[in-house]
Amino acid sequence: MTSMLSKVIRTGLLSLVFGLFVVAMPASAQQPSSVNPTAQSVKEAQLLDALKPGQSLAGRVSIPNKDAANLIQPGRDWRAFNQETLPRIGTIAILGVLALLVLFYLVRGKIRIDAGPSQMRITRFGSVDRFVHWLTATSFIALAITGANVTFGKSVLMPMMGPEAFSAWSGMAKLIHNYVGFAFMAGVALTFLIWVKDNIPGATDLKWILVGGGLLSKGTHPPAKRFNGGQKIVFWSVVLGGAFLSLSGWHLLFPTAEGMAEAQWHATLHGTVAFVMTALIIGHIYIGSVGMEGAFDAMASGEVDLNWAKEHHSLWVKEEMERKSGSRISGAAQPAE
Ligand code: HEM
């Protein structure tokens, strides 16, 4: 009887508490169909909208790395640049220059020595010149390939190689890029030191550029010193472009305490200069190898055919003959190829 009574009292009390709880709840919460626990929470989109350019959503930290306080980094513009604009710049630069070279080849063909190869050769570049050139050239090519992997690898290579192979290659490419960068920096500095005296622009170069170096028509050879107007453009692009790549690359290798926004700015500069320079260098490689008869010898043996030199660097040949009484000219008995 007693236990029956206590059971009734307990049930009554429970019903009373539940009734009071329901009455105390807002009307909306009493309807199970409208329960939405995240309705009032802040959405990611709202957080992103709260970001003004250059600002970040930050909390507070007591550790030295203040970037750790950033809940959301500023950088949507940078992300869009890296994922959309930079690949576009790269594609236009590289495919554009390749298309121009194909067109140039179809219109002009291989540029021959108009007077034909002579029986004589003239020393154009010594071993130091060639060492510096190939140090800069090989390191640049290694950096261009491994750097392009950052922009195009995931979309172009990964579907072909599969994720495992792509990940292994990308890890290796990153190491190559980080270390070969130092060889390139040394190459650019040495290129500047050994060739700057022959690359000061002058009136002869302007005239050379105005007639397109005579490259478009057979038999036209505007006078040029040791380096012509086109080569001076290549030289200054390598020196200035190389300096920008080196400075921005250094910041990416060794980030300062200035934080993420600074790193993003350097990455943007690095990628843009790299693609513009790659396009120019593709043109340089073409003309320095298959595009022009006799040009490659200058960076292979260091000696070029005298007729080639007279056609492309007439003022330089004259200077060399006067200055050294022709001592750099050799091989009368040794026919040039
Ligand atoms: C396989 C690739 C390359 C080949 C076949 C090549 C070939 C040549 C040749 C033949 C010359 C001498 C032209 C002359 O006698 O007047 C030269 C000069 C030069 N090269 Fe290269 N080169 C290559 C890659 C590069 C790269 C990657 C760079 C720099 C990033 C570079 C920078 C220069 C510079 C600054 C000069 C002096 C200016 C000029 O002649 O345009 N080269 N190269």
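Derivation of every value follows stated rules applied to the coordinates shown; laboratory data play no part. Since we're looking at a predicted model, the values are computed, not measured. FYI the Cβ positions are ideal-geometry reconstructions off the backbone, even for glycines, and counts take in every protein chain you see.
Structure data summary
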{"read-out": "Cubic angstrom per residue, convex hull over Cα atoms of region 85-189", "value": "167 Å³"}
{"read-out": "Gain on full stretching of the segment that runs from Arg76 to Val196 - 0.36 nm per residue minus C-alpha separation", "value": "39.1 nm"}
{"read-out": "Distant-in-sequence amide H partners of Met292 (H built 1.01 Å from N, under 5 Å)", "value": "Ile111"}
{"read-out": "Listed residue pairs exceeding 27 Å between alpha carbons, taken from Lys66/Lys154; Lys197/Lys218; Lys110/Lys310; Lys197/Lys310", "value": "Lys66/Lys154; Lys197/Lys218"}
{"read-out": "Modelled label reach - Leu210, point 7 Å along Cα→Cβ, region 229-272 residues with backbone N closer than 17 Å", "value": "229-230"}
{"read-out": "Peptides ranked, highest mean first, by Cβ atoms within 10 Å: ranges 280-287, 303-310", "value": "303-310, 280-287"}
{"read-out": "Radius 13 Å from Cβ of Ala115, net charge of other residues (Lys, Arg +1; Asp, Glu -1)", "value": "-1"}
{"read-out": "Estimated distance in nm for a label pair at Leu252 and Ile141, the labels positioned 7 Å out from Cα along Cα-to-Cβ", "value": "2.1 nm"}
{"read-out": "Sequence ranges 223-231, 167-175, ranked by mean other-Cβ count within 10 angstrom, highest first", "value": "223-231, 167-175"}
{"read-out": "Dimensions in Å of region 155-250 - Rg and Dmax from alpha carbons", "value": "19.7, 56"}
{"read-out": "Phi to ³J(HN,Hα) by Karplus 6.51 cos²θ - 1.76 cosθ + 1.60 over region 92-99, Hz, x for Gly, Pro", "value": "5, 4, 6, 5, x, 5, 5, 5"}
{"read-out": "Ser127/Gln83 FRET efficiency (R0 56 Å; Cβ-Cβ; nearest 0.05)", "value": "0.80"}
{"read-out": "Dipole magnitude (debye, nearest 20) for region 94-182, charges at Cβ of Lys, Arg, Asp, Glu", "value": "300 debye"}
{"read-out": "Rounded to whole Hz, the Karplus (6.51, -1.76, 1.60) HN-Hα couplings of region 132-146, x for glycine and proline", "value": "5, 4, 6, 4, 5, 5, 5, 5, 4, 5, 4, 5, 5, 5, 6"}
